[in-house]
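Have a look at the structure below, then the notes.
The values are calculated or read from the model by the stated rules, or taken from the named source; none is laboratory data. Since this is a predicted model, take the numbers as computed values, not measurements. Note that we place each Cβ from the backbone using ideal geometry, even for glycine, and neighbour counts take in every protein chain shown. To get the accessible areas, we keep the full protein, side chains included, count just its heavy atoms, and leave off ligands, DNA and RNA. Shrake-Rupley method; radii C 1.70, N 1.55, O 1.52, S 1.80 Å.
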Amino acid sequence: MGETHRPGRIEVVCGSMFSGKTEELIRRMKRAKFARQKVEIFKPAIDTRYSDVDVVSHDQNTIQSTPIDSSSTILLLASDIDVVGIDEAQFLDNGLVDVCNQLADRGVRVIVAGLDMDYKGVPFGPIPALCAIADEVTKVHAICVKCGALAYVSHRLVHNDKRVLLGEQTEYEPLCRECYQKALEKEKSEKQ
Ligand code: ZN
């Protein structure tokens with residue numbers, strides 16, 4: 001790109017589990033890296049499912065990343081970076097909204113990937129606010145495992161009320177609205 005002016009911007013890639021969010025983040029980051037832009041991915045230290053230093057998506061397509069405890073750390077570590085990626089952003093604090101704005105104002109392209117809703121369908125962490133301030137929002141969808149329609153929510157199969165329960169294929173299933181309602185009714189009747 002040389003001296004070409006690149007304006008800062010915020011892109012959000014959100015959706016349910018198994019919708020390909022991380023894959024889409026990695027695709028954009030790799031393309032920028034190929035164009036010799038300086039890229040760096042940050043992710044919350046809480047997400048230790050596969051590896052501490054790599055963002056690893058479910059199909060093992062990896063790109064190196066830096067684990068962080070707080071959104072403010074990104075400002076300290078991202079000086080001199082052209083494209084900042086943030087994965088699993090729903091687990092970060094609400095300060096992330098201001099951090100993304102500050103980076104974009106500096107001319108940085110920021111790409112945020114995260115779950116839009118938790119397993120109960122409630123908007124998750126800083127993602128809703130990030131969607132509001134983003135220049136571009138991409139909502140990606142999984143496929144409902146019951147009927148093949150576009151999924152709406154990640155239904156939790158194990159009984160645990162903790163909001164943060166890191167996902168494996170066996171613990172969640174993507175469902176459309178209709179199949180999600182049916183699943184909730186079935187669980188309710190089984191409890192009685
Ligand atoms: Zn369905």
Practice prompt. Scan the range 101-128 for residues that are open to solvent by less than 70 Å² (accessible area, probe 1.4 Å), assigned to a loop (DSSP other than H, G, I, E, B) and touching a residue at least 60 places away in the same chain (Cβ under 8 Å) and jot them down.
Written response: Gly107, Val108, Asp116
Discussion item. Which pairs turn up if I take residues in the range 141-156 that are closer than 18 Å to Glu185 by Cα and in a loop (DSSP other than H, G, I, E, B) and look for partners that are of a type in the set (Asp, Glu) and more than 7 Å from the ligand (Cβ to nearest atom) with beta carbon separation below 7 Å, at least 6 apart in sequence or on another chain?
Written reply: Val145/Glu173
Item to complete: Report, ordered by the first and then the second residue, all pairs with beta carbons closer than 8 Å, sequence separation of six or more or different chains, a first member in the range 162-179 that is open to solvent by 100 Å² or more (accessible area, probe 1.4 Å) and within 16 Å of the ligand (Cβ to nearest atom), and a second member that is modelled with pLDDT of 95 or more and not aliphatic (A, V, I, L, M).
Response: Glu178/Cys147
Discussion item. Exactly one of these conditions fails for Ser65: (1) crowded, with 16+ Cβ neighbours inside 10 Å; (2) at pLDDT 90 or above. Give me its number.
Written reply: (2)
Fill in: Selection from the range 106-128 of residues that are over 19 Å from Phe18 (Cα atoms) and within 16 Å of the ligand (Cβ to nearest atom)
none
Fill in: the range 15-36 - residue that is touching a residue at least 40 places away in the same chain (Cβ under 8 Å) and part of a loop (DSSP other than H, G, I, E, B) and, of those, surrounded by the most Cβ atoms within 10 Å (Cβ to Cβ)
Ser16
Practice prompt. Pull up the range 129-152, narrow it to residues that are of a type in the set (A, V, I, L, M) and open to solvent by less than 50 Å² (accessible area, probe 1.4 Å), then point me to the one that is nearest to the ligand (Cβ to nearest atom).
Written response: Ala149
Response to the item:
Of Arg31, Arg9, the only residue that is touching a Lys or Arg at 6+ places or on another chain (Cβ under 9 Å) and either under 18 Å from Phe91 (Cα atoms) or at pLDDT 90 or above (or both) is Arg9
